[in-house]
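K.L.:
If you scroll down you'll find the structure; I have some questions about it.
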Amino acid sequence: MATYFLRRLLLGLTTLVVITGFVYGLARNMPGTPLTVQLGETDPSRKINPEDQERLRKIYGLDKSWPVGYAQWLGNLLQGDLGRSISRKQPVTQLIAERIGPSFLISGTSLLLTWLISVPLGLYASARSGRFDERASSLLLYVLYSFPTFVAALFLQIIFAVWLRGTAWELPLFGMSDLPADAPWLARVGDVARHAILPVTCQTYVSLAYDSRFIKANLEEAVRQDYIRTARAKGAGPWRVLVHHAFRNTLIPLVTLLGLSLPALIGGSVIIEQIFTWPGMGRLFFESIRERDYPTIMGLTLMFSVLTLLGQLLADMLYCVVDPRVSLD
Amino acid sequence: MIERPPHPRLSPPPRHAPLLAIKNLVTAFHTPAGRIPAVDGVSLSIERGRTLGIVGESGCGKSVTAMSVLRLVASPGRIEAGEILFSSGGTTLDLATLPEPAMRSVRGGRIGMIFQEPMTSLNPVFTVGDQIAEAVLLHRRVSREAARARALEMLQLVRLADPRQRLDEYPHQLSGGMRQRVMIAMALACDPELVIADEPTTALDVTIQAQILELLSELRARLGTAIVLITHDLGVVAETCDDVAVMYAGRVVEQAPAAELFARPRHPYTIGLLAARPSPGMKHSGPLCTIPGMVPLPQHFPAGCRFHPRCAYARLPGAESGSGRVVPLPAGELPCNAAVPPLHEVAPGHWVRCFHAESLGPPRSAQEIAAGGLFS
Ligand SMILES: Nc1ncnc2c1ncn2[C@@H]1O[C@H](COP(=O)(O)OP(=O)(O)OP(=O)(O)O)[C@@H](O)[C@H]1O
Ligand code: SF4
Ligand SMILES: [Mg+2]
């Protein structure tokens with residue numbers, strides 16, 4: 001047990017150093033710097049003079065080569081300092097803290113909905129495997145799965161924000177809230193919820209289609225096993241066989257899926273947050289890359305990597321819970 | 001019905017009311033490649049408290065017959081015709097047509113089943129105790145504690161070492177032989193009247209095989225449960241079974257009490273099987289006498305008597321018999337490939353499906369056959 005965690009920790013730290021080093025090198029070698037992208041390219045009239053530019057380069061450490069820059073970043077990290085965002089003039093930790101909530105709101109709701117719907121759907125699909133209703137619903141799910149999110153988002157925006165404008169069904173086009181910060185909290189909660197409906201729908205339908213197919217495929221694999229025949233020979237009914245015996249065994253692969261979704265749960269979705277201008281982590285990531293905001297890029301990379309590693313750890317630990325054949329040593 | 005004087009409990013009860021009687025059972029698989037009649041007219045009967053061995057070459061339909069009795073044939077398989085009459089508790093149920101909910105109380109309740117693969121037949125994520133207790137809870141209105149107590153009792157009955165500790169262990173912590181004991185405990189947990197064991201020892205080591213068979217015999221004697229033992233091994237049948245049914249190509253070709261069958265086999269296929277068996281008294285030097293030809297696949301079952309292409313006694317128009325021997329056909333006699341021979345009783349309790357069972361000549365004992373060689 002202890003050796004397992006020690007091994008995991010060492011492996012995790014090595015992975016983190018490799019990933020962050022790689023991303024830092026990549027970011028620094030992308031064309032453009034925070035200065036050129038921010039000022040020079042977006043607005044040619046505001047070209048700063050060479051002396052100022054040199055001064056700024058020194059301040060942000062852009063005059064050093066990327067390995068030196070990375071070593072500095074790593075040194076600061078060890079002291080608990082993720083640096084300040086260049087474009088947003090804010091500590092990176094504060095920036096991330098502000099964005100976690102909105103991302104989690106969308107992803108958490110979506111994850112919950114996905115599992116609440118896809119588990120019964122997968123059970124239903126494998127119980128009625130091959131029948132007409134199952135084939136029809138599987139086809140529908142497959143179509144949904146192959147339907148790109150951004151197209152679906154666009155359709156939903158047109159329907160609910162344009163066609164249904166002025167009706168009770170109208171939903172906001174984008175953003176997280178229209179109300180001022182001093183509005184009553186209940187009204188604000190309702191407003192945020194209304195804003196969240198479309199992004200949550202968009203994020204849910206794809207994972208829903210994927211997860212229910214995944215569950216169905218695993219269930220179909222499980223019901224072919226000998227122990228299912230034993231359960232039926234004991235006199236267990238079809239529902240008990242499916243849920244108690246087969247589904248309990250599919251938890252083993254499902255736990256992996258759950259572990260893999262941990263980074264996305266807090267990290268949010270770049271595409272959806274971008275389309276719906278949702279002030280979350282995914283959008284911050286996208287913008288920080290566009291702005292060559294190295295400290296923010298690195299802070300987010302670090303966060304995603306840590307979450308991914310934690311997700312794997314969580315999956316490993318859940319494995320031991322759902323599969324008695326597995327232990328942590 | 002003739003009432004017989006009560007027997008001392010040592011010998012099996014009267015033979016007039018079979019516990020299970022299968023009549024002309026047809027079970028076929030409907031695959032994209034066509035209909036596969038894996039079981040095509042099986043008739044056999046099992047007496048209360050006795051052990052019936054079902055033997056036959058691989059693919060002859062033994063497992064499909066067993067699965068049909070519990071109606072567990074995997075799709076695309078279907079029971080298409082026939083009766084499976086199960087006489088239990090004063091009533092007779094036709095398991096071939098029994099509604100599914102009633103069938104569920106038969107499965108595991110009145111008929112237990114043991115499978116060939118002990119390594120995969122137990123659910124890996126539940127403890128042994130839970131799996132046995134589940135069988136109890138499915139059929140008895142008892143508390144969880146009582147079901148668990150019953151599970152422990154069953155583990156003691158099948159003589160698993162450290163039963164109290166094993167109760168909370170998972171299948172992967174047990175060896176193959178131990179798992180098969182657990183399967184037996186599970187099958188017997190609800191005091192079934194019949195246990196079907198489909199090659200329960202094939203996957204085990206030889207020494208473990210003997211232990212498991214011994215356990216089954218002992219439990220049968222103690223609990224009075226009838227057992228259907230499906231096996232490839234005639235030696236096992238000779239040691240453990242009261243009756244034997246020999247299957248060939250989806251049908252039963254001969255059924256008789258074991259002693260009778262081994263002493264006086266009547267069907268040419270049985271005669272061949274016995275001849276192919278190394279007898280205990282014989283030195284294992286020369287090549288074994290085997291039946292020429294191949295087991296036909298259900299897709300290509302021969303017409304008439306299914307054994308005719310391999311049968312040395314077949315009476316066919318021309319020289320079609322397996323040995324190439326031409327047997328002149330008396331006027332008015334049906335050739336063996338023209339009609340299905342009926343399963344008929346040639347001696348009390350001895351049934352044979354062969355036109356010429358009575359005229360094969362004096363029945364020869366297995367020793368003689370083995371010594372002389374029948375199909376040479
Ligand atoms: N699921 C299935 N689909 C199609 N055909 C099947 C299926 N299961 C069994 N069969 C056919 O049924 C026939 C009989 O199979 P069965 O398993 O009863 O044989 P068996 O006598 O038990 O043989 P063995 O000694 O090898 O266990 C086989 O020839 C096979 O072709
Ligand atoms: S009926 Fe004919 S072919 Fe069939 S076993 Fe008897 S003798 Fe042989
Ligand atoms: Mg078999």
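The values are calculated or read from the model by the stated rules, or taken from the named source; none is laboratory data. Remember, it's a predicted structure, so these values are computed and weren't measured experimentally. Note that each Cβ is placed from the backbone with ideal geometry, even for glycine, and that neighbours are counted across all protein chains shown. When the accessible area is computed, the model is the full protein with side chains, heavy atoms only, and any ligands, DNA or RNA have been set aside. Shrake-Rupley method; radii C 1.70, N 1.55, O 1.52, S 1.80 Å.
K.L.:
Rounded to the nearest 100 Å², what is the sum over both chains of accessible area buried where B meets A, with a probe of 1.4 Å?
P.N.:
Working: alone 17590 and 18580 Å², together 34080 Å².
Summing both chains' loss of accessible area gives about 2100 Å².
K.L.:
Once the Cα gyration tensor of the stretch A:96-291 is found, what semi-axes does its equivalent ellipsoid get, as square roots of 5 times the eigenvalues, in whole Å, sorted largest first? Numbers along the way, then the final one.
P.N.:
Values: eigenvalues 286, 69, 47 Å².
Semi-axis lengths for the stretch A:96-291 are 38, 19, 15 Å.
K.L.:
Sticking with this structure for a sec: What full-extension length gain, to one decimal in nm, is calculated for A:Leu186 and A:Val243 as 0.36 nm per residue of separation minus the Cα-Cα distance? Intermediate values should be presented prior to the final figure.
P.N.:
Details: separation 57, 0.36 × 57 = 20.52 nm, distance 3.99 nm.
The A:Leu186-A:Val243 span can extend by a further 16.5 nm.
K.L.:
Mind checking which of A:Ala153, A:Val18, B:Met154 is farthest towards the positive end of the protein assembly as shown's charge dipole, using Cβ charges of +1 (Lys, Arg) and -1 (Asp, Glu) about the Cα centre?
P.N.:
Result: B:Met154.
K.L.:
Right, here's the next one. Sort A:140-150, B:244-254 by packing, meaning the average of other beta carbons within 10 Å per residue, with the highest value first.
P.N.:
Details: A:140-150: 13.0, B:244-254: 26.2.
My ranking of the peptides, most packed first, is B:244-254, A:140-150.
K.L.:
From the backbone phi of the stretch B:197-203, what are the Karplus-calculated ³J(HN,Hα) couplings (6.51 cos²θ - 1.76 cosθ + 1.60, θ = phi - 60°) in whole Hz, Gly and Pro given as x?
P.N.:
Going residue by residue, I get 10, 8, 6, x, 10, 4, 8 Hz, with x marking Gly and Pro.
K.L.:
Using only the alpha-carbon atoms, how far is helix A:92-127 inclined from the longest principal axis of chain A? Give it as 0 to 90 degrees, nearest 10.
P.N.:
20 degrees
K.L.:
Please list the non-local residues whose amide H lies under 5 Å from the amide H of B:Ile114, H modeled 1.01 Å from N, same-chain partners needing a gap of 5 or more.
P.N.:
Long-range HN contacts for B:Ile114: B:Ile196, B:Ala197, B:Asp198.
K.L.:
What spacing in nm lies between the two simple spin-label points modelled at A:Glu134 and A:Asp316, each 7 Å away from Cα in the Cβ direction?
P.N.:
It works out to 3.7 nm between the two label points.
K.L.:
Here's something else I'd like to know. In degrees, nearest 10, range 0 to 90: what is the angle between the Cα axis of helix A:66-78 and the longest Cα principal axis of chain A?
P.N.:
For helix A:66-78, the angle is close to 70 degrees.
K.L.:
Round to a whole number: what % of the accessible area of the stretch A:96-291 belongs to carbon and sulfur, probe 1.4 Å?
P.N.:
Working: 6930 of 9750 Å².
Reported share for carbon and sulfur atoms: 71 percent.
K.L.:
Going 7 Å from the Cα of B:His232 in the Cα-to-Cβ direction, what parts of the stretch B:98-122 have a backbone nitrogen less than 20 Å from that spot?
P.N.:
Only B:114-121 pass the distance filter.
K.L.:
While we're looking at this one, here's another question. 222 nm [θ] for the protein assembly as shown, helices only, -39500 (n - 2.57) per DSSP H run of 4+, per residue, to 500? Each step should come with its number before you reach the end.
P.N.:
Working: 24 runs with 327 residues, N = 705.
Per the formula, -15000 deg cm²/dmol.
K.L.:
Just which residues of the stretch B:125-163 lose 50 Å² or more accessible area with every protein chain there, against their chain alone, with the probe set to 1.4 Å?
P.N.:
At a threshold of 50 Å² (probe 1.4 Å), the residues of the stretch B:125-163 that become less exposed are B:Val125, B:Phe126, B:Glu134, B:Leu138.
K.L.:
Okay, moving on. How many percent of DSSP beta bridges within the protein assembly as shown run antiparallel, rounded to 5? Display every interim value, and only then the final one.
P.N.:
Values: 34 of 52 bridges.
Antiparallel bridges: around 65 percent, rounded to the nearest 5.
K.L.:
At a probe size of 1.4 Å, how large is the accessible area of A:Asp178, to the nearest 10 Å²?
P.N.:
A:Asp178 has an accessible surface of roughly 110 Å² with all protein chains in place.
K.L.:
A:Arg229: net charge of surrounding residues, Cβ under 13 Å, Lys/Arg +1, Asp/Glu -1, itself excluded? Kindly include the intermediate steps, with their values, before the conclusion.
P.N.:
Numbers: positive: A:Arg224, A:Arg232, A:Lys234, B:Arg71, B:Arg107; negative: A:Asp226, B:Glu117, B:Asp198.
Net local charge, A:Arg229 excluded: +2.
K.L.:
With everything on Cα atoms, drop me the angle between helix A:281-290 and the longest principal axis of chain A, reported from 0 to 90° to the nearest 10.
P.N.:
Rounded to the nearest ten degrees, it is 40.
K.L.:
What list of ³J(HN,Hα) values in whole Hz, one per residue of the stretch A:8-15 in order, does the Karplus curve 6.51 cos²θ - 1.76 cosθ + 1.60 (θ = phi - 60°) give from phi, with Gly and Pro shown as x?
P.N.:
3J(HN,Hα) across the stretch A:8-15, in whole Hz: 4, 5, 4, 4, x, 5, 4, 4.
K.L.:
Also, I was wondering about something else. If you roll a 1.4 Å probe over the heavy atoms of the protein chains, what accessible area per residue do you get for the protein assembly as shown, in Å²?
P.N.:
Working: 34080 Å² over 705 residues.
Accessible area per residue, the protein assembly as shown: 48 Å².
K.L.:
Taking a probe of 1.4 angstrom, what is the accessible area of A:Asp63 in Å², to the nearest 10?
P.N.:
70 Å²
K.L.:
P(r) for the protein assembly as shown: what percent of alpha-carbon pairs falls in each 10 Å bin, starting at zero?
P.N.:
With a bin width of 10 Å, the distribution comes to 3, 11, 17, 17, 13, 11, 9, 8, 6, 3, 1, 0, 0.
K.L.:
Determine how large the accessible area of B:His300 is when every protein chain is in place; take a 1.4 Å probe and give Å² rounded to the nearest 10.
P.N.:
130 Å²
K.L.:
Then there's this: Where in the stretch A:217-237 does accessible area fall by at least 50 Å² between the isolated chain and the complete protein assembly, at a 1.4 Å probe radius?
P.N.:
A:Asp226, A:Tyr227, A:Arg229, A:Thr230, A:Arg232, A:Ala233, A:Lys234, A:Gly235
K.L.:
How large is the dipole of chain A about the Cα centre if only Lys and Arg carry +1 and Asp and Glu carry -1, each at its Cβ, rounded to the nearest 20 debye? Before the final figure, lay out the partial values.
P.N.:
Values: 31 positive and 25 negative charges, 153 e Å.
Dipole magnitude for chain A comes out near 740 debye.
K.L.:
Quick check: with the 1.4 Å probe, what order do B:Ser43, B:Ser121, B:Ser175 take by accessible area, largest first?
P.N.:
Numbers: B:Ser43 20, B:Ser121 0, B:Ser175 55 Å².
So the residues, ranked largest to smallest area, are B:Ser175, B:Ser43, B:Ser121.
K.L.:
Now a separate question. Using each residue's phi in the stretch B:87-102, evaluate 6.51 cos²θ - 1.76 cosθ + 1.60 at θ = phi - 60° and report the 3J(HN,Hα) Karplus result to the nearest Hz, with x for Gly and Pro.
P.N.:
Each residue of the stretch B:87-102 in turn: 9, 9, x, x, 10, 10, 10, 9, 5, 5, 10, 4, x, 3, x, 5 Hz.
K.L.:
While we're here: Skipping prolines and chain starts, which residues have an amide H placed within reach, meaning under 5 Å, of the one on B:Cys354, given they are 5 or more residues away or on another chain?
P.N.:
B:His344
K.L.:
Considering only the other residues whose Cβ falls under 11 Å of the Cβ of A:Arg28, what net charge follows from Lys and Arg at +1 and Asp and Glu at -1?
P.N.:
Values: positive: A:Lys64, A:Arg292; negative: none.
Every neighbour counted, the sum reads +2.
K.L.:
Now, a different point. Provide, for the protein assembly as shown, the number of lysine pairs with alpha carbons under 28 Å apart, each pair being eight or more places apart or on different chains.
P.N.:
Total qualifying Lys-Lys pairs in the protein assembly as shown comes to 9.
K.L.:
Sticking with this one: Quick check: net charge around A:Thr14, other residues with Cβ under 12 Å of its Cβ, Lys/Arg +1 and Asp/Glu -1?
P.N.:
Numbers: positive: A:Arg7, A:Arg8; negative: none.
Neighbour charge sum, excluding A:Thr14 itself: +2.
K.L.:
P(r) of the stretch B:45-132 in 5 Å steps, Cα pairs, percent per bin?
P.N.:
Per 5 Å bin, starting at zero, the Cα-Cα P(r) for the stretch B:45-132 comes out as 3, 10, 18, 23, 20, 15, 9, 2 percent.
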